[in-house]
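Chemist: Dumping the structure here so I can ask a few things about it.
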Amino acid sequence: MKRTKIADIFNPALLGQEVCVKGWVRTRRGNKYVQFVALNDGSTIKNIQIVFDMNEFTDEQLKPVTTGSSVCVEGLLVESMGKGQTCEIQAKKLEVYGTADPETYPLQKKGHTLEFLREKAHLRPRTNTFGAVLRVRSTLAYAIHKFFQEKGFFYLNTPLITASDCEGAGAMFQVTTLPLNDLPKTEDGQVDYSQDFFGKPTALTVSGQLEGELGATALGAIYTFGPTFRAENSNTPRHLSEFWMIEPEMAFYDITDNMDLAEEFVKYCIGYALDHCRDDIEFLAEHFDKDLIERLEFVLHNDFVRLTYTEGVKILEESGKKFEFPVSWGIDLQSEHERYLVEEHFKKPVILTDYPKDIKAFYMKQNEDGKTVRAMDVLFPNIGEIIGGSEREADYDKLLKRIEELNIPMKDMWWYLDTRRFGTVPHSGFGLGFERLVLFVTGMTNIRDVIPFPRTPNNAEF
Ligand code: 4AD
Ligand code: MG
């Protein structure tokens, strides 16, 4: 008999019909006359209740049906008498695919802590919470492609193995096939990378932007969506060593066009999730964050505040608030500063622009003042920085000068500079941290809980 997904079973048209469902048992309870099984197959947060009339089944048959076991059930879909469910299945046929020993299956009781579940990341997708988070994550990924494809942007795949450090932060994971216990050396005692796989030092990318600019200055507008890697020793609830980033890059966009796109884009994603993941978001709101839906709607329906870094710093200095990291012009803003502006001062998402050039990457367009660059960071409640971007320096001489000032090895950058040598154009782009978006939309508070298998310092399990 053809299987129906549980997501499709709550359909009045199916009432009175024979159905077949397959999934994992969440709970079983009852007495010697009747047994109730809550079954979930991952297609929805909802369980279907299956009723076993114990005149028709033996205790022996039901014995292996324990929490975590997998079954196939055929039966009649009927209206439910029970509270909170619209329909249930009167079982006629039961097949057990796999048992789950109650002594050893780790997800026995409800209400395991998120910390406990992180240690069980191989099984946590079977919980309500992670099922909900992973479905929202998948829907957001789809929304992202939909948004850009419908706007005529092209999906560009940029390399994961690279020889250039886009953000210049020196936080790259090296990629090598050299024997680490017996490194080949040159005559002057340096590692001989000519013997390495690519004949030179390489690493995992921190950003696809530089190659994204090559795409934008040919196809007009592109976006990337892929994994990026950062070997920073940041043990915070907002940093991963492996995270996914969406990086649109557009020719003929200035910083204002860039901000408009960023705002439209995140609002679209949030709206799409609210429209298509309502059950999951309501579940997460109920269990973790009562204000979640209100916060999402609020972001959706308000214009983001736009101001310069210099104005932002002035507000922070005049706030009279005691920050852990003191504020003065030139500092890299900490999450406490960003969150003060967003959550306490403006009570709205904020786009800060025109940061000091010394705290931003080499490729940003330099302002006339000689001190600031045309950067933009989008700051969100509960998250802090969700997007970082800029208008790019399109002038060959200014860009080259900045590369030299920062001692970036030129031999690695010749291809990037060619975009400014041949048909340079004003252009802009930004990067959205995918997990930070998923954090915001799900109301989770730790970034380790919105990616299936988090990689963080000292943790690469599963
Ligand atoms: O601000 P970032 O470093 O900017 C770039 O990489 C630019 N190349 C983007 C561009 O203009 N095309 O990173 C962009 C975003 C951040 O705003 C943040 O949301 C996220 O990526 N991000 C991280 N997310 C999780 N873990 C980390 N360690 C992250 N580092 C940055
Ligand atoms: Mg940034």
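Chemist: Evaluate the following for Ala132: is it in a loop (DSSP other than H, G, I, E, B) and within 19 Å of the chain's Cα centre (by Cα)? Let's see the steps before the verdict.
Modeler: On the way: in a loop (DSSP other than H, G, I, E, B): no; within 19 Å of the chain's Cα centre (by Cα): yes.
Here the answer is no, as Ala132 does not meet what is asked.
Chemist: Out of the residues in the range 351-374 that are within 23 Å of Asn302 (Cβ to Cβ) and within 14 Å of ligand 2 (Cβ to nearest atom), which is surrounded by the fewest Cβ atoms within 10 Å (Cβ to Cβ)? Let's see the steps before the verdict.
Modeler: At the first step, the residues of the range 351-374 found to be within 23 Å of Asn302 (Cβ to Cβ) are 351-354.
Of the ones still in play, those that are also within 14 Å of ligand 2 (Cβ to nearest atom) are 351-353.
Numbers: Ile351: 20, Leu352: 25, Thr353: 25.
The selected residue is Ile351.
Chemist: Next up: Would you check which residues across the range 418-462 are more than 16 Å from ligand 2 (Cβ to nearest atom) and β-branched (Val, Ile, Thr) and list them?
Modeler: Thr419, Thr424, Val425, Val438, Val441, Thr442, Thr445, Val450, Ile451, Thr456
Chemist: For the range 120-142, indicate whether the set of residues that are under 30 Å from Met410 (Cβ atoms), touching a residue at least 24 places away in the same chain (Cβ under 8 Å) and in contact with an Asp or Glu (Cβ under 9 Å, 6 or more places away or on another chain) is non-empty.
Modeler: Looking only at the range 120-142, we keep the residues that are under 30 Å from Met410 (Cβ atoms), and these are none.
No: zero hits.
Chemist: Inside the range 205-229, can you point out the residues that are within 19 Å of Ile451 (Cα to Cα) and either among the acidic types (Asp, Glu) or part of a strand (DSSP E or B) (or both)?
Modeler: Once the filter is applied, which keeps residues that are within 19 Å of Ile451 (Cα to Cα) and either among the acidic types (Asp, Glu) or part of a strand (DSSP E or B) (or both), the range 205-229 yields Thr224, Phe225, Gly226, Pro227, Thr228, Phe229.
Chemist: I'm trying to understand the selection: among the residues of the range 194-213, which are in contact (Cβ under 8 Å) with a residue 12 or more places away in the chain and either out of contact with any strand residue (DSSP E or B) (no Cβ under 9 Å at 6 or more places or on another chain) or away from ligand 1 (no atom under 16 Å from the Cβ) (or both)?
Modeler: Restricting attention to the range 194-213, the residues satisfying the condition of being in contact (Cβ under 8 Å) with a residue 12 or more places away in the chain are 195-198, 200-213.
Within the range 194-213, Gln195, Asp196, Phe197, Phe198, Lys200, Pro201, Thr202 qualify.
Here's the yes/no breakdown for (1) over 19 Å from the mean Cα position of the chain (by Cα); (2) modelled with pLDDT of 95 or more; (3) of a type outside the set (Asp, Glu); (4) at positive phi:
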site	(1), (2), (3), (4)
Met54	yes, yes, yes, no
Pro64	yes, yes, yes, no
Thr67	yes, yes, yes, no
Leu76	yes, yes, yes, no
Asp101	yes, yes, no, no
Ala141	no, yes, yes, no
Lys151	yes, yes, yes, no
Asn157	no, yes, yes, no
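Chemist: Within the bounds of the range 230-244, is there any residue that is within 11 Å of ligand 1 (Cβ to nearest atom) and under 19 Å from Pro426 (Cα atoms)?
Modeler: no
Chemist: If you go through the range 146-184, how many residues are part of a helix (DSSP H, G or I) and either exposed (fewer than 12 other Cβ atoms within 10 Å of the Cβ) or within 14 Å of ligand 1 (Cβ to nearest atom) (or both)?
Modeler: Going residue by residue through the range 146-184, those that are part of a helix (DSSP H, G or I) are 146-150.
Then keep just the ones that are either exposed (fewer than 12 other Cβ atoms within 10 Å of the Cβ) or within 14 Å of ligand 1 (Cβ to nearest atom) (or both); that gives 148, 150.
Qualifying residue count for the region: 2.
Chemist: I need a count of the residues in the range 20-41 that are in a strand (DSSP E or B) and either without any contact (Cβ under 8 Å) to a residue 12 or more places away in the chain or within 35 Å of the chain's Cα centre (by Cα) (or both). So that I can check it myself, show each step before the final result.
Modeler: Start the filter on the range 20-41 by keeping residues that are in a strand (DSSP E or B), which leaves 20-30, 34-40.
Pick out the ones that are also either without any contact (Cβ under 8 Å) to a residue 12 or more places away in the chain or within 35 Å of the chain's Cα centre (by Cα) (or both) and you get 20-29, 37-40.
The number of residues fulfilling the criteria is 14.
Chemist: Which of the residues spanning the range 235-292 are out of contact with any strand residue (DSSP E or B) (no Cβ under 8 Å at 6 or more places or on another chain), buried (at least 16 other Cβ atoms within 10 Å of the Cβ), charged (D, E, K, R) and in a helix (DSSP H, G or I)?
Modeler: Lys267, Asp280
The values are calculated or read from the model by the stated rules, or taken from the named source; none is laboratory data. Since we're looking at a predicted model, the values are computed, not measured. In this analysis, Cβ positions are derived from the backbone assuming ideal geometry, glycine residues included, and neighbour counts consider all displayed protein chains.
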